[in-house]
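This report concerns only the one structure given below.
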Amino acid sequence: MVTGADDEVTLRANREGFQKFQLRPRRLVDVSKIDMATEIFGARHDSPIVIAPTGGNLAFHAEGEIAVAKAAKAGNHLQMLATGANTSIEDAIAARGAPVWFQLYPTNQWAVAEALVRRAERAGSPVIALTVDTLSLNNWETLARLRRTDTRNCADCHGEGLAQYVARRPNFDGIDLTGATSFGAPNMNWDFVKRLRDTVKGKLLLKGILAHEDAVLAPRAGIDPLENNSSQLRRYSSTKNHSKTARRRNRWGSQPQPTTFWP
Ligand SMILES: Cc1cc2nc3c(=O)[nH]c(=O)nc-3n(C[C@H](O)[C@H](O)[C@H](O)COP(=O)(O)O)c2cc1C
């Protein structure tokens, strides 16, 4: 991790925090047959590694998220596709050869959020992950500093406004963007989550919860077991990292379940 946001406070705190962890290997354990299989939402996965969604992968690789899907297939890892991917959910699932989860930026128009969800579900995506830590823009100070030295015009590639911005983000193809002006929904609250829960046919999870108070509120909105990023530094560099191994109960059973932490 190179940068965070506001003063890089949490970036430093996380680096220091993680330095306190060390491996404590146990010896004389039979490793001739290694089974890393894990179960998430009732589905068995051979690997516990999940590829987090990152938008606009054409910026990094000529094949965009197709390359990620191929890598996920090679390692049999679970892939989560970003709303703002340069690859459609249909093509990602085809390249992965297995269901891919869909990360949702709902925009500020409910109809767009609903259309994105329906599209992902039609494609065969079993889980919708609503990103809740991007209601508004972040203060990336490094970006602001570097931008001064970069003479390129952002709009030359990214366009002006949401419609032009998503022109190369095929999950939006065919969706009426009337009234949509932002990727996130700045007025998103628990009522929105409940409405989305009633709309999504499969599993719904929240991506970006940090405070334990929110983890407590989530099941009341009908949310399935929570995701919790361990390093949402780019979003919350002025808050402490709350990724403790909290145990909690979910609505699918009475057994306490560890909160899932993304890498
Ligand atoms: C380049 C980049 C793009 C990202 N794009 C998205 C995105 O479109 N949607 C989203 O929910 N998270 C996005 N994220 C956040 C990641 O999914 C992930 O939660 C975050 O990077 C923390 O995981 P890490 O510590 O492994 O980086 C992005 C992160 C990076 C670095």
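Just so it is clear, none of the values below were taken in a lab; they were calculated from the coordinates. Remember, it's a predicted structure, so these values are computed and weren't measured experimentally. So basically every Cβ, Gly included, is an ideal-geometry build from the backbone, and we count neighbours across all protein chains shown.
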Listed by chain and number, the residues whose amide H is under 5 Å from that of Ile40, excluding neighbours fewer than 5 places away on the same chain and using placed H, are His45
Which value in nm describes the separation of the simple spin-label points at Arg122 and Val2, placed 7 Å from the Cα toward the beta carbon? 3.9
Protection proxy ranking of 103-115, 31-43 - average other beta-carbon atoms within 10 Å, highest first: 103-115, 31-43
